[in-house]
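The values are calculated or read from the model by the stated rules, or taken from the named source; none is laboratory data. Owing to the predicted nature of the structure, the values given are computational and were not obtained by experimental measurement. Note that each Cβ is placed from the backbone with ideal geometry, even for glycine, and that neighbours are counted across all protein chains shown.
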Amino acid sequence: MAQFVKLQCSGLNPLRQMDERLVSYNVEMTEVTGGTFWKAYTDGQVDGTEEFPLISDWTNMGNLQQWYDPIDTKNPRLIKLAKELGTAWIRVSGTWANKTYYDFDGHCNGKVPEGFQNLLTKEQWLSLLDFVKAVDGKLLVSIANCPGIHTADEPMPFEQAELLFRTSKEYGVPISAAEFTNEPNLIALSGLPQGYTAADHARDHDLFGAWLKEHYPECLFVGPCTVGDIDMFGMGNDGAGGGMAAGFEMVTEQLLGDYKSKMDVFSYHYYNGVSERGAAMGGHWPYEACLSEQYLAVAAHCTRQYTARRDKYVPGGQLWVTESGDAGCGGNTWASTYADVPRTLNELGEFSTVTDGVIFHNTLASSDYGFLKHGTFEPRPNYFAVLLWNRLMGRTVYASGEKIREGAHVYVHSRKDGKDGYVYLIINNSQEATKVELPKEAQAYVLTGNGKLRSRVMCLNGQPLMLGEQDALPALKGVQLPAGTTELPAGACGFYVL
């Protein structure tokens with residue numbers, strides 16, 4: 001049934017002020033050093049004309065990943081497009097970071113020490129720091145925790161961590177926030193020391209917090225950086241259910257134990273499901289469900305569960321989603337198309353109505369769920385969607401007064417330009433147009449696929465969004481609408497500035 005939404009131009013109740021760096025992103029350690037990451041889908045798989053082959057053994061990464069050289073963090077297009085997003089937190093982490101040796105004096109001569117998987121050179125790290133500085137970012141990292149650092153029964157030493165922190169500070173781009181270990185509850189997949197237990201993690205997590213407080217007190221202690229230790233995907237849809245694979249889970253309470261070193265920020269990883277690559281572990285949603293109420297409800301479902309844990313461990317603190325995207329294991333086949341834009345904008349809207357914090361999109365420029373295409377750094381639909389969010393949506397969040405329902409996911413913020421009024425975001429995830437009543441003249445920014453939902457190019461008010469000459473961004477201009485009733489097309493996302 002078609003929906004009707006009546007917008008207001010005054011009288012809405014404010015909920016909270018959001019962090020100016022709400023929209024943040026990851027640059028994976030494997031992108032900095034070079035290494036394996038998720039294989040790119042074929043053109044046919046992205047378009048939906050070629051099925052992705054069923055992979056029964058999802059733990060065999062050789063079937064799922066490939067080698068990539070380090071990304072060029074000095075690339076002018078990359079820097080320009082990242083800078084356009086505005087100030088952000090930049091997270092350098094990922095599973096690869098758990099197993100990285102910091103060879104800043106070059107003594108390894110390119111040979112990876114026993115117990116590690118890869119090397120980070122000083123040149124690579126300083127180039128990354130230059131990128132962070134160039135785009136006015138703030139740096140979040142996680143440190144190595146693998147057999148090359150220590151055994152499971154040995155308390156964590158911090159000589160390698162000290163090298164990373166000291167080098168960054170001396171270079172003028174300090175590490176402003178740190179997580180101990182990336183996804184520690186997936187011990188078998190995360191490369192942690194053999195035999196490492198939840199109790200070992202609790203011990204070392206406390207030691208890391210104490211070390212940070214003593215040596216780098218200005219650095220935020222963030223954690224525990226878990227994934228899948230809640231009911232993430234069991235939303236009643238036949239295409240998704242269950243959590244991570246049995247045997248790999250440890251819950252937050254086990255990983256933190258008695259919790260002596262208090263965190264400043266509570267972090268977790270959230271994906272709306274598991275991609276085709278990892279479908280064998282459960283939690284994969286079919287493409288046909290990508291606009292469904294059950295699918296879009298996952299974001300708020302996870303946020304509310306983790307908010308309760310944040311309130312327990314970091315009362316009054318922020319909630320950070322330090323990895324997020326449409327699907328774990330590198331994104332779904334449609335992640336790089338307009339079909340993922342409603343989910344992305346819905347996540348930002350839902351999160352803002354529940355709590356203050358930051359969402360780190362995984363990633364800025366790698367794999368199929370990156371804002372930018374790997375190698376060429378061409379912007380994808382999600383890039384333009386969050387760019388428009390950052391340009392229009394102010395920090396004050398208001399209660400919309402509208403119940404979330406099919407065809408009318410409604411979110412309201414202050415105006416980013418500081419003028420009186422509101423900015424409405426309406427996501428029409430139905431198959432019919434949604435009627436929108438405007439109380440006065442408004443600027444409308446309507447996002448759609450370019451002729452189809454699964455389009456690699458997104459349109460703004462009917463105009464395709466692509467880079468111009470010398471990487472000029474397209475004009476992100478609204479159209480003036482008079483007071484009265486307008487229609488938001490099926491599958492479209494509309495910003496209305498009143």
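Miscellaneous remarks
- When Gly228, Gly236 are screened for being within 27 Å of Asn332 (Cβ to Cβ), modelled with pLDDT under 85 and crowded, with 22+ Cβ neighbours inside 10 Å, only Gly228 passes.
- Taking residues in segment 369-383 that are assigned to a loop (DSSP other than H, G, I, E, B), and partners anywhere that are surrounded by fewer than 18 Cβ atoms within 10 Å (Cβ to Cβ), the pairs with Cβ atoms closer than 6 Å and at least 6 places apart or on different chains are Phe377/Arg77.
- The sole residue among Phe266, Phe208 that is assigned to a strand (DSSP E or B), at pLDDT 95 or above and assigned by TED's automatic domain parsing to the domain that holds Cys329 is Phe266.
- Residue that is surrounded by 24 or more Cβ atoms within 10 Å (Cβ to Cβ), in contact with a helix residue (DSSP H, G or I) (Cβ under 7 Å, 6 or more places away or on another chain) and assigned to a loop (DSSP other than H, G, I, E, B), where the choices are Leu345, Leu364, Leu291: Leu364
For every residue, the table says whether it meets (1) free of Cβ contacts under 8 Å to residues at least 12 places away in the same chain; (2) not small (Gly, Ala, Ser).
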{"position": "Asp420", "(1), (2)": "yes, yes"}
{"position": "Asn428", "(1), (2)": "no, yes"}
{"position": "Gln431", "(1), (2)": "no, yes"}
{"position": "Glu437", "(1), (2)": "no, yes"}
{"position": "Ala442", "(1), (2)": "no, no"}
{"position": "Tyr445", "(1), (2)": "no, yes"}
{"position": "Ser455", "(1), (2)": "no, no"}
{"position": "Asn461", "(1), (2)": "no, yes"}
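- From the options Thr95, Thr121, Thr151, Thr167, residue that is assigned by TED's automatic domain parsing to the domain that holds Pro193, modelled with pLDDT under 95 and not aromatic (Phe, Trp, Tyr): Thr95
- Members of segment 436-449 found to be in contact with a Lys or Arg (Cβ under 9 Å, 6 or more places away or on another chain) and surrounded by fewer than 18 Cβ atoms within 10 Å (Cβ to Cβ), listed by number: Glu437, Pro439, Gln443
- Filtered residues of segment 26-36 (kept if crowded, with 24+ Cβ neighbours inside 10 Å and part of a strand (DSSP E or B)): Asn26
- Of all the listed residues (Leu425, Leu467, Leu447, Leu453), the sole one being farther than 27 Å from Lys403 by Cα and within 27 Å of the chain's Cα centre (by Cα) is Leu467.
- Cβ-Cβ under 9 Å pairs, at least 6 apart or on other chains, segment 240-260 side in the same structural domain as Leu207 (by TED's automatic domain parsing) and within 13 Å of Glu183 (Cβ to Cβ), far side at pLDDT below 50 and surrounded by 16 or more Cβ atoms within 10 Å (Cβ to Cβ): Glu249/Gly243
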